[in-house]
Amino acid sequence: MRLTPTPTPTPADRLVFRKSSYSTPQNCVEVADMPSAAAVRDSQNPGAGHLEVPAIEWSALIRAATRP
């Protein structure tokens with residue numbers, strides 16, 4: 001997967017993050033929907049920022065992760 005940085009990162013305070021249903025207290029990931037990407041961050045350290053994954057790559061990751 002090739003991640004392409006966005007020219008103008010979206011401020012985290014404008015994103016609505018939700019916790020993954022697969023998260024545990026020790027391994028927590030949060031995701032926020034963006035118009036053309038998904039923002040991913042560590043819920044135990046939200047101030048460290050987030051990674052913006054372009055929509056096409058995010059969709060490919062979800063498809064690969066949910067294959068039987």
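Conditions tested, residue by residue: (1) among the aliphatic types (A, V, I, L, M); (2) at pLDDT below 90.
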{"position": "Ser21", "(1), (2)": "no, yes"}
{"position": "Ala32", "(1), (2)": "yes, no"}
{"position": "Ser36", "(1), (2)": "no, no"}
{"position": "Asn45", "(1), (2)": "no, yes"}
{"position": "Pro54", "(1), (2)": "no, no"}
{"position": "Leu61", "(1), (2)": "yes, no"}
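Could you tell me how many of the residues in region 24-49 are touching a strand residue (DSSP E or B) at 6+ places or on another chain (Cβ under 6 Å) and either closer than 18 Å to Thr66 by Cβ or among the basic types (Lys, Arg) (or both)? Steps first, please.
Restricting attention to region 24-49, the residues satisfying the condition of being touching a strand residue (DSSP E or B) at 6+ places or on another chain (Cβ under 6 Å) are 30-32, 37-41, 43.
Still in the running and either closer than 18 Å to Thr66 by Cβ or among the basic types (Lys, Arg) (or both): 31, 38, 40-41.
Result for region 24-49: 4.
The values are calculated or read from the model by the stated rules, or taken from the named source; none is laboratory data. A quick note: this is a predicted structure, and the numbers were derived from the prediction, not measured. Because the Cβ atoms are built from the backbone with ideal geometry, glycine has one as well, and the counts that use them run over all protein chains shown.
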